1. Out of the residues in the stretch B:105-120 meeting the condition of being facing chain A (nearest Cβ under 8 Å) and within 19 Å of B:L163 (Cβ to Cβ), tell me which one is surrounded by the most Cβ atoms within 10 Å (Cβ to Cβ).
2. For the stretch A:234-246, indicate whether the set of residues that are among the small types (G, A, S), out of contact with any Phe, Trp or Tyr (no Cβ under 7 Å at 6 or more places or on another chain) and within 14 Å of another protein chain (Cβ to nearest Cβ) is non-empty.
3. If A:T171 satisfies every condition in (1) within 26 Å of B:V104 (Cα to Cα); (2) more than 10 Å from every other protein chain (Cβ to nearest Cβ); (3) in contact with a Gly (Cβ under 9 Å, 6 or more places away or on another chain); (4) of a type outside the set (D, E) but one, which is the exception?
4. Restricting attention to the stretch A:139-159, and to residues there that are over 22 Å from B:V68 (Cα atoms) and in a loop (DSSP other than H, G, I, E, B), which single residue is nearest to the other protein chains (Cβ to nearest Cβ)?
5. Could you pull out the residue among B:A375, B:A392 that is within 17 Å of B:Q461 (Cα to Cα), outside any loop (DSSP other than H, G, I, E, B), small (G, A, S) and in contact with a strand residue (DSSP E or B) (Cβ under 6 Å, 6 or more places away or on another chain)?
6. Considering every residue within the stretch B:124-147, establish whether at least one is polar (S, T, N, Q), at pLDDT below 90 and in contact with a strand residue (DSSP E or B) (Cβ under 6 Å, 6 or more places away or on another chain).
7. Test each condition in (1) of a type in the set (K, R); (2) in contact with a helix residue (DSSP H, G or I) (Cβ under 8 Å, 6 or more places away or on another chain); (3) over 17 Å from B:L59 (Cα atoms) for B:R134 and report the one that comes out false.
8. When you scan the stretch B:314-324, do you find a residue that is over 30 Å from B:G280 (Cβ atoms) and not assigned by TED's automatic domain parsing to the domain that holds B:Q461, even just one?
Amino acid sequence: MKPLIRIVLLAAAAVLANPTLAAEEPAKILRIGLTPTVPYDQYQLIEQWRLYMERKLNRRVEFIRRDSYIETMDMLRRRKLDYAWICDYPFVYFRSQVRLLAVPLYQGRPYYRSYLIVPATNRSTTSIAQLRGVVFAYTDPYSNTGYLVARHQLHQMGENPAQFFRQTFFTWSHRKAVEAVATGMADGSAVSGHVWDTLTIVKPELTAATRIVSKSSEFGFPPLVANPTVPNEEFRNVQKALLGMASDSKGKALLKGLNIDGFIAGSPHLYDNVARMMKAVGEK
Amino acid sequence: MNPLLNLSFRYKVPLWGGVLIVVATLAVSAALMKQAYDDLKSDLMNSSANLSRTLAKTLFPSMMHEEVWRAYEIILAPLDAGQGGSRIQPELIVALDNRQRVFVSSQPKSVPLSADIRQFGEEYAHLADRIAARSEPDAAIIEFSGSRRIYVAAPVAEEGARLGTLVIVHSKDVFLPRFKNVASRGAVIGLLVLAVLLPINWYWGQRTAVPLVQLACSIGKVAQGVPPELPPCTYAYRDELGQLCEAYGLLVKALQEKGLLEQEMIRSERLAAVGRLSAGIAHEINNPLGGMLVALNNFKRRAGNDERTLKTVGMIERGLAQIQDTVGAMMVEAKVKSRDFVPHDVEDVQMLLSGEAHKRSVAIRVDSDITKPAALPATLVRQILMNLLLNAVQASEPSATVQCTIRRTGNTLTIETENTGRTMPPEVMSHLFEPFVSSNEAGHGLGLWVTYQIVSQLGGQITAESRDGLTRFSVSLPAGENS
């Protein structure tokens, strides 16, 4: 008898403790786009983050995953998404069409690098210049560290990126680019340093099959952006929720899973060097 | 070859049977294994062809958009080790473009992108030629003689637009372990079959061969003159072997009877010859003997003979009388004139023997159904009865009973005497009716001989048997109607 009473009381308490959630009419769902710039295939982690955000914002949250950056940007522009975590290159590319929401902190700073990697069996390569005529895996044509950086380096060397490699292909994810190099599909690739570092923790046998040839200079970390049509109040609420993650234990655990330290409001100037690189390569 | 063919059936039947069973088992096993190998290969090829069709269809958009990584993920899916070990894994899956260059391969390290497939050896060069020459829209199985690989090639095409070819490469090495598995199972079953059939074959062979061998051995002995006897084991079935055994049994029986008959004839011949000889001699002695006795009698009657001479003559006379007794006993004269045998004669004989019987405390019990005279000379029948009963009394232990049965059946008179006591050994039995043969110290051994002679002359038969302490004599005499 006693346990039954306890269960009934607990259920009643749960309903009473959350009166707003129960009473509020169905609010608009908050749609956040995710790209492979984050380890979005850690489904359990992303689900927990979603629940965390729902609790913090007191409304329903939906994560929408797309493989290509351009598709995510399209959805953002067509107002199918309210927010998105995109790469720094599309952010710069479409700067006028989005609003910077938050910048993650990685190793305490809002920056990351691009790693040039080759198979671990390749002990001789020390620079991208030695990769002439090989098969090279790009991540995404709108990736900074997985595409723009490598092409910029070749451009600096006076090479034509379109002809330098024997063959190139897109893997549509940093993680898959690492896999392509690890399995021998590609002889080299450029990937996000953040993803590579995260993979050394979650899948060390994969990164062990690759070797880092060089690390690029720092770029602003892939930011979270908002659709310009999002109301200011909502924008501030979401920004507050993100920035506050580092100050509660649940949020800290999620940040640890995402392998970042927290979020800051950030400034578009963080991405100025990406814009310069873009101009140099002549993409815009 | 000869020593093998000359072997005894005892070994030859199980040996040939065993060889046939082993050969049959091996042949069936080999056929089944060949079948299993073919089935295995055909299953593999069918499933591989299906896989190639599916993969080729799935690969089409990736190849069209040159999505190498997507294509790689597609061809890697069926190679996932987590799909269970029961399926035979391809060695390599490779997609080729229309110039037979690698679009994507499951082993990019050894078969890298955009490499010409012809550079990986002569076999791949032939394969490339075959693929280039083919235009059929369905999957094909390509096998080169002497190759350790089998190729399944499916065109990557949609609505007539062909982008390339998907090739699944199977190593024959991979289905060898599986075939070995099937083969070892087959071998175990084969051994089990042999383990059952070989003992059955051995048993059956022995069943057939042993009676044959024994029969052959027995017939061989008969041919060498050894008295025939039946084989120690019998064969109970009505097949040819059974008929042979039965025929042999009949043959042995006939031979034994013939042998007995011959022995009997020889004995009768001998006894008859001895009888004729002794009767002749007795006759020749008896004639002068009578004269001599008459002369001695006349001589005694003459006066003037001194004491000493008379004593000598008396001695000679007694000696001659003894000779006359003996000779008289040997002179069996069946043709003597005599009256017919009547029931009263039996009582007379009983009376005559009562003294001897009393002396030995032996009882004589006579059971006779004779009620009227029989057409047989009374003197001779009385002598037969006397001799047999006297013998029986003398052979009996004290206080024993001698049984005598006399029967008249139709025209035959049978006399049977039985006494208990010592069993006569076979060597005595075989010479029983010969003269001067006696187991009895007292007799001169002529009693049974005389009896035999009388019975023979009367046209009858006499037999004797002695076993387990019981001795029986049987006499049968032909007795016509009263003369």
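The values are calculated or read from the model by the stated rules, or taken from the named source; none is laboratory data. Note that the coordinates shown come from a computational prediction; the quantities given were computed from them, not determined experimentally. Neighbour counts are summed over all protein chains in view; Cβ atoms, including those assigned to glycine, are modelled from backbone coordinates with ideal geometry.
1. B:L113
2. no
3. Of (1) within 26 Å of B:V104 (Cα to Cα); (2) more than 10 Å from every other protein chain (Cβ to nearest Cβ); (3) in contact with a Gly (Cβ under 9 Å, 6 or more places away or on another chain); (4) of a type outside the set (D, E), only one is false for A:T171: (2).
4. This residue is A:E159.
5. One residue alone meets the criteria, B:A375.
6. no
7. For B:R134, the exception is condition (2).
8. The answer is yes; a qualifying residue exists.
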